[in-house]
1. Using r as the Cβ-Cβ distance of residue B:283 and residue A:185, and R0 as 51 Å, what FRET efficiency do you calculate, to the nearest 0.05?
2. Please tell me the relative contact order of chain A in percent, rounded to the nearest whole number, where contacts are Cα pairs under 8 Å and at least six residues apart.
3. Cα axis of helix A:198-209 to longest principal axis of chain A: angle in degrees, 0 to 90, nearest 10?
4. When the Cα centres of the stretch B:46-112 and the stretch A:1-72 are compared, how far apart do they sit, in Å?
5. Quote to one decimal, in nm, the extra length available between residue B:141 and residue B:299 on full extension: 0.36 nm per residue of separation minus the C-alpha distance between them.
6. Given a 10 angstrom Cα cut-off, can you work out which residue in B:266, B:72, B:57 is the most mobile in a GNM of chain B?
7. Can you grab the distance from the C-alpha centre of the stretch A:243-258 to the C-alpha centre of the stretch B:191-253, Å, no decimals?
8. Looking only at the stretch A:154-295, where both bridge partners belong to it, what percent of the DSSP beta bridges are antiparallel (to the nearest 5)?
């Protein structure tokens, strides 16, 4: 990291009990005694794919770089510990951009008690790239995995889906508190966060669990953003299609045994609603049903990085 | 990470006792019981600044992405534990490139018993970007920091310097074993790895330690690559200048109390030579002296990312 930038950052970082040594040396040093299991995750965001600096304040980009990783920790029911960041900055305006990225991410780090441990700041003749790597603590209840869903389990989701491109893709709240509370109080068989799209992410969960699933499409909570998007001219997709396919909702998708699911839905222990949107079945594959209508195949739509 | 790529990677990853859960879920899960302190470091490499794919096999780029981070762990005297990688791949040819990057880094990971825990694989319409984040275990002897050098300490280096651009910048051996052995057997006051250049990195060590240093330029071990580079037409720099300024040597730079330094130099406990290149002094600043000649200021030359 560049010296001036390190000095700027050191002034702004609150003391954190985990940090024996913060930014400025060859590596950070973290106190890990008492941490038996860690979750480790990384995400990379690029200009042009994940954001357009012409359209979005760099502070929201910085915040998002942390938030998507916090959402991955939530998906494992892990408590945030520490983060390191790496950025490739365009040479022109890079310094200002670096400060703005950090101004956006520091408040979120503080909110979730995440230690900013260090980073790597590079310049180049290319567009902005930012990656964050997060370390989280697995609780005594163990990690929440994608495998473990059983036939008969209910499909439970937090919040509502679709239309995140209208702004929620940057300003969403990672479901850290929700995941920790649910994993602590209820028996969860499997879980993940919805980043690429409800249907495609569900297809990954059923594959890892070697089961199938039926989604009751009439029960999928549709976000107001999905309705707004569908109302736009030439959109050509229904709000329900947006909910199933848009992605970047960063809500939790859980497999919960039926009795636990009933208890959870009765208690509604979160500030955000919990909804039952269908069930897992023994037969592999993804199906959808509208109310009491016939079963139809559900083709996973959503975002996938493609390369050849 | 893309599903097909995860499947390919899972087949190639050796089992590792640290990994409760490897690539493919929302995060990796690491067994950390018994690890009291961790080093955490990240480095980002970009096409055009750190390598040119037109000139270098992508396997060497993948290897380097790990090796520079292993060198940072060596700089802290930390034992490698686990890594996560994030790549932004050009859309055209991205799949082949991803496989080659991993083919280059997997053998190095195995050599240093480093668990490849996961990663993020993205495609975009830009040049290749690769980042690696490494977790290391601080030993019972504690971390090796940049601060701690005292007036009177000797400046000790491993190996030889300069001309790494001729190929060593990719194929260097991170000084993991050397750092662990030295930190275990000798009292080291401070240390770091030389990545940006011997003089500029020494200037950082003296600043963090609030001391100064005198480099005996005639004692700096000059790599054969530095001599080769200086012989090239129009180079205009001496081998010694290359040694002090080129960077990417990834050797260790240590502050060692005089008695320990003598013992270390007598014993030469490494396969690579240890050399005394000068001493730390109370007066801040960097000085150089050729044999018994006069003291001259040493202007730190070396690589710094610049942005405006």
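1. It comes to 0.25.
2. Details: 701 pairs, mean separation 65.4, N = 308.
Once normalised by length, the contact order is 21 percent.
3. Approximately 80 degrees, to the nearest ten.
4. 21 Å
5. On the way: separation 158, 0.36 × 158 = 56.88 nm, distance 3.38 nm.
Extra length available between residue B:141 and residue B:299 comes to 53.5 nm.
6. B:266
7. The two parts, judged by their Cα centres, are 54 Å apart.
8. Values: 17 of 23 bridges.
In the stretch A:154-295, DSSP labels about 75 percent of beta bridges as antiparallel.
Values in this text are rule-based calculations from the coordinates and carry no lab data. What you are looking at is a predicted structure, and each value in this text was computed from that prediction instead of being measured. Neighbour counts run over all protein chains shown; Cβ positions are idealised from the backbone, glycine included.
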